1. Return a yes/no flag: does segment 49-61 have any residue that is under 30 Å from residue 283 (Cα atoms) and either of a type in the set (Val, Ile, Thr) or touching a Leu at 6+ places or on another chain (Cβ under 6 Å) (or both).
2. Quick one: residue 108 ticks every box in (1) closer than 30 Å to residue 4 by Cα; (2) assigned to a loop (DSSP other than H, G, I, E, B); (3) of a type in the set (Gly, Ala, Ser); (4) in contact (Cβ under 8 Å) with a residue 60 or more places away in the chain except a single one, so which number is it?
3. Identify all residues within segment 100-123 that are within 17 Å of residue 22 (Cα to Cα) and either surrounded by 23 or more Cβ atoms within 10 Å (Cβ to Cβ) or not assigned by TED's automatic domain parsing to the domain that holds residue 162 (or both); write none if there are none.
4. Within the bounds of segment 154-169, is there any residue that is surrounded by fewer than 22 Cβ atoms within 10 Å (Cβ to Cβ), within 21 Å of the chain's Cα centre (by Cα), in contact (Cβ under 8 Å) with a residue 60 or more places away in the chain and closer than 16 Å to residue 286 by Cβ?
5. Under the condition of being free of Cβ contacts under 8 Å to residues at least 40 places away in the same chain and under 24 Å from the mean Cα position of the chain (by Cα), which residue from segment 244-265 is nearest to residue 200 (Cα to Cα)?
Amino acid sequence: MTHRQKHIAFVVNNYPPKVGGIEQHVHQLAHHLAELGHRVTVVALDNSKVGIEAGKITVHRLRATRTIAGVFSAPFPGTTRRLQALLGDQGVTLVSVHTRFFPMSFVGLRLGRSLDIPVLHTEHGSDHVKGVSPFVGLASRVVDLTMGRYILKRATAILAISTGARDFVQRLAGSPSHVFHNAIDTTSFKAAVSGSHRQRLVFLGRLVPGKGWDQALEIAESLHKDFPKLEVHFIGDGIERHKLVKLLETSPIAGNAVFHGYLNASGIRDVLSNGILLNPTILAEGFQTTLLEAIASGAAVVSTPVAAAKYLAEEGAEVRIVQSHDTDAWSAEVRNLLETGWAAPSPELIETFDWKNRAEEFIAIAEGLEA
C-alpha cells in the first residue's frame, strides 16, 4: 500500500547507543518508517553526544540533568520552546512519545499541541514500577498518578505494546488504547532454526532484582546432576552483575556456565538457537522482544505469565507458563523439554514478528489520526 509521505518526530528520553527495550523499539520503528520512505526525526536526551546527527534519520541529542539509574534524566527548562523553534517549520505531521513517566513524553505532548498535530503515545509498562526500593516505588507511583495520568488522558491516541499494558492504561487513566505488539527483525533469526535441540538454558535480560537471573541459575543447578552436559548462558548486564559472577565461581555448574554480558542480534541468535529461554521475571514487563527472538531462533520458552508469553502460547509457540514462586514446576517443565524436545515454529508465525508489519500498521494508525 502506498502512503503519503509523513514526517514523524519521536520525542523520547533515551535512544541508542543507550541499551534497553524502549530504545530498541523506537530505533527499529524509526528505521523501518524511514525504509518506507517517510521522514523521521528523533529528539532524545544525551549529555555524552550532544548535537545533530544527519542521515536517513535525523537525531537531535539534547543536554539534560544528570542521569539516574542509567535511564532517567530530565530536560532543562525551555526545551519545549526550543523544539518548537527547531521543528515548527519542518512539516512534522505526528509526534510519537513513549512511556508515561518519562519527562520527554510530557515535552512531546506539549510540542504536538503547540504545532496542532496528533500526539501518539506508546505505553510500554503493564503496571507501576516494580523491583525497586520503597522510596523509588512511591516516587514513581506519584509520577504515574500525576504526570503519567495527564499524558495518557491528553494524548490523541494510545498504543499499548501488550494486553497487559492496555489494561494498565485503562486502570490508570481510564483511556482506551490499541494493542501494538513489539517486534524484531526476523531476517537475522530464521537461519538459526533447525530440527536438533541443544541442552542449553539461556537467561536474557537485565541483571537486576526481580528479573529472575538468580532463579535461572537455581534451575540449572537443580538439573545438573541428571543432565551433566547441560549448559547455562547469561546474556545482559546490570547492577547485580558482580553478584552473578561471584555465584558462578562456586556453582556446581561453573564448568558449563557462560556469562556473555551484552551481545548484538547475531550473538543473541547464536546463543538462543535451539536452546531453552528461561524468563522468570516478576517485573512489570510490557512485551519482551527476548521471547520473540527465542521463538524465532527455534528455542522453547519457559516463562512467568507475562503478556508476551501468554500471547505466544495462544499463537501456538513452544511456550510453557509457570508461576514465579514454583521452583519445582520450573524444573519439571525444563526437564520435560530436555527429555522430549519441542516443535519448531512455523515460518508464518515468525513472519508476524517482523518490524515491517508494525511500521505499516503504525502508518495506518497515523493516517487515521490525521483524518
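The values are calculated or read from the model by the stated rules, or taken from the named source; none is laboratory data. These numbers come from a predicted model, not from an experiment. Glycine also receives a Cβ, built like all others from the backbone with ideal geometry; neighbour counts cover every protein chain displayed.
1. The answer is no, given that none of the residues of segment 49-61 is under 30 Å from residue 283 (Cα atoms) and either of a type in the set (Val, Ile, Thr) or touching a Leu at 6+ places or on another chain (Cβ under 6 Å) (or both).
2. Unmet for residue 108, out of (1) closer than 30 Å to residue 4 by Cα; (2) assigned to a loop (DSSP other than H, G, I, E, B); (3) of a type in the set (Gly, Ala, Ser); (4) in contact (Cβ under 8 Å) with a residue 60 or more places away in the chain: (2).
3. Within segment 100-123, 100, 102, 104, 105, 108, 120, 121, 122, 123 qualify.
4. Within segment 154-169 (the criterion being surrounded by fewer than 22 Cβ atoms within 10 Å (Cβ to Cβ), within 21 Å of the chain's Cα centre (by Cα), in contact (Cβ under 8 Å) with a residue 60 or more places away in the chain and closer than 16 Å to residue 286 by Cβ), the answer is yes, since at least one residue qualifies.
5. Out of the qualifying residues, it is 258.
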